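In what follows, a structure is listed as structure tokens, so that the remarks can point back to it.
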Amino acid sequence: MSRNFTEENATQEVLARYDDCPDPRLKEVSQAIVKHLHALIREIEPTTQEWMQAIEFLTRTGQKCDDVRQEFILLSDVLGVSTLVDAINNRKPPEATESTVLGPFHMVESPPLPNGADVAQHGTGEPLVVTGQVVSVDGTPLVGAKVDIWQANEEGFYDVQKPGELPDLNLRGLFTTEDDGRYWFRSITPSYYPIPTDGPVGEFVTASGRHPNRPAHIHFIGMAEGHEPVVTHLFVEGDPWIESDVVFGVKETLVRDFDLMDDPAKAAEYGVSNPFRHVHNVITLAPV
């Protein structure tokens, strides 16, 4: 260590301060952050004013967080970091359902519901029937598996974004698979929507010349005893933003046709008005 901190020796001086760190992982992570952050500063050479703007941006990002909004998760999402961390931590057999980002709106526990329940409490939107099955990678149906779902409404809003306007726990449900591993529920066709743009992350996306939209999707978490859970989505084929998701969450295997069904008998069987949309979703879990 030195008593003379200069541009030339700055990085090595800071790295040396972690030599006696008792936690090996903390030491590894801290030194990596220092190396890359110093390299970034040397590359872009920010002015003092620019650096203060960066600090103010992070400060405002923290101030925007509350019980129903996590602006730092949103920042991680739009930088593609959430998707990258998810990919690194979910290296599974190719047969298993691919994972994607959790998103910032899984804020409450979904209510346990019987198969066939209608999760749309607000009474509007295009009827949708979702059928599916939870299986292991060898195709064995998983009885008693849990399927947690949540989604935005036809205007692109989650219940927590419109308290008092949308019913609590609207478009959320926790289902248990039956003897053949099957589950099903009634809902509405989701819409694409913009991420919140009234905060610092939205300002950053706009200033970058990027659009703020997520393609239409339904969130799923599949869980079964003896298997790794999966956090995933089901995306609507044909959505205009499917190839440019602002949070980089789309994967080809998660895109489905939400077929338009004009079948009065089937509609009556499912308990929905005709015509309606239908999508089938098999969730394949990898054993622990």
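The values are calculated or read from the model by the stated rules, or taken from the named source; none is laboratory data. What you see is a predicted model; the values in this text were computed from it and never measured. Positions of Cβ are generated from backbone atoms using ideal geometry, with glycine treated the same way; all protein chains shown enter the neighbour counts. Side chains are part of the model used for accessible areas, which takes the heavy atoms of the whole protein and leaves out ligands, DNA and RNA. Shrake-Rupley method; radii C 1.70, N 1.55, O 1.52, S 1.80 Å.
Descriptive notes on the structure:
- Rolling a 1.4 angstrom probe over the chain with all protein chains present gives an accessible area of which 54% lies on carbon and sulfur atoms.
- Taking 0.36 nm per residue of separation and subtracting the current Cα-Cα distance, fully stretching the chain between His280 and Gln49 would add 77.8 nm.
- What the Cβ-Cβ distance of Val143 and Glu269 gives, at R0 = 30 Å and to the nearest 0.05, is a FRET efficiency of 0.80.
- Helix-only mean residue ellipticity at 222 nm for the chain, each DSSP H run of n ≥ 4 adding -39500 (n - 2.57), per residue, nearest 500: -8000 deg cm²/dmol
- Straight-distance candidates among the lysines for linking to Lys251, with alpha-carbon spacing under 22 Å and chain neighbours fewer than 8 residues away dropped: Lys92.
- Cα gyration tensor shape of region 57-195, rounded if a/c is under 1.5, else prolate or oblate by comparing a/b with b/c: oblate
- Cα-based shape type of region 71-113, given that a ≥ b ≥ c are square roots of the gyration tensor eigenvalues and the cut on a/c is 1.5: oblate
- Extreme residue, positive dipole direction of the chain, given options Leu254, Gly116, Gly226 (C-beta unit charges): Gly226
- Between the C-alpha center of region 56-71 and that of region 211-259 there is a gap of 25 Å.
- Put simply, when 187-197, 159-169 are sorted by average Cβ atoms within 10 angstrom per residue, most first, you get 187-197, 159-169.
- Cα→Cβ-extended label distance, 7 Å offset, between Phe5 and Val29, nm: 2.3 nm
- Accessible area expressed per residue, the chain, with surrounding protein chains retained (probe 1.4 Å, Å²): 54 Å²
- Residue list for region 27-43, given a label point 7 angstrom along the Cα-to-Cβ vector of Arg17 and an amide N cut-off under 12 Å: 31, 34
- Ordering of 122-134, 27-39 by packing [mean C-beta count within 10 Å, highest first]: 122-134, 27-39
- Pairs of Cα atoms nearer than 8 Å and 6+ residues apart set the relative contact order; for region 122-206 it is 40 percent.
- Placing pseudo-labels 7 Å out from each Cα toward the beta carbon at Arg210 and Ala87 gives an inter-label distance of 1.5 nm.
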